[in-house]
Amino acid sequence: MENRRYTKDDALLLLKKKQEELDCSGNKRYPQRSDFSEPEVVAIKAFLGPWPRALEKAGLKPVRDDGKAERMKEKRILQKRRRRIARFGGNGTSENE
């Protein structure tokens, strides 16, 4: 599987197979980048994102829910309000709103 084009399904399968191998050998850990060849790592990250997110998408690791998405949304809203205040003054609303 070294010199071929990978698909998203291949990337998921690589992670799942490696997890099965680790479980059978008694290792209680998630697959790591070092467990794969460079082309495999590139394919996994290209199709599934950063390593922790790839493990989540493959169903190997629980999805992170630390409220980060909500905090980022609140931060964007606050930044937008600050820009409006800087542009229009007052409470951050324009006369058109």
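The values are calculated or read from the model by the stated rules, or taken from the named source; none is laboratory data. From a predicted model like this one, the values you see are computed outputs, not experimental measurements. Cβ coordinates were reconstructed from backbone atoms using ideal geometry, including for glycine residues, and neighbour counts include every protein chain displayed. Areas reflect the complete protein model, heavy atoms only, side chains present, ligands, DNA and RNA absent. Shrake-Rupley method; radii C 1.70, N 1.55, O 1.52, S 1.80 Å.
Quick one: pull the percent of accessible area on the chain belonging to carbon and sulfur, 1.4 Å probe, ligands and nucleic acids left out.
49
If you take every residue apart from residue 62 with its C-beta less than 13 Å away from the C-beta of residue 62, what net charge results, scoring Lys and Arg +1 and Asp and Glu -1?
Neighbour charge sum, excluding residue 62 itself: +1.
Quick one: among 35, 23, 66, which has the greatest mean-square fluctuation in a GNM of the chain with alpha-carbon springs under 10 angstrom?
Judging by the Gaussian network model, the answer is 66.
Hand me the GluC sites (Glu not before Pro) from the stretch 1-92 located in a DSSP loop with no more than 10 other Cβ atoms within 10 Å, in residue order please.
Within the stretch 1-92, the qualifying GluC sites (Glu not before Pro) (loop, at most 10 other Cβ atoms within 10 Å) are 2.
Suppose all protein chains stay in the model; what accessible area per residue would a 1.4 Å probe give for the chain, in Å²?
The answer is 78 Å² per residue.
Once you've got the Cα coordinates, tell me which of 17/45; 8/28; 8/75; 8/73; 17/68; 45/80 are over 22 Å apart.
In this structure, 8/28; 8/75; 8/73; 17/68; 45/80 exceed 22 Å between Cα atoms.
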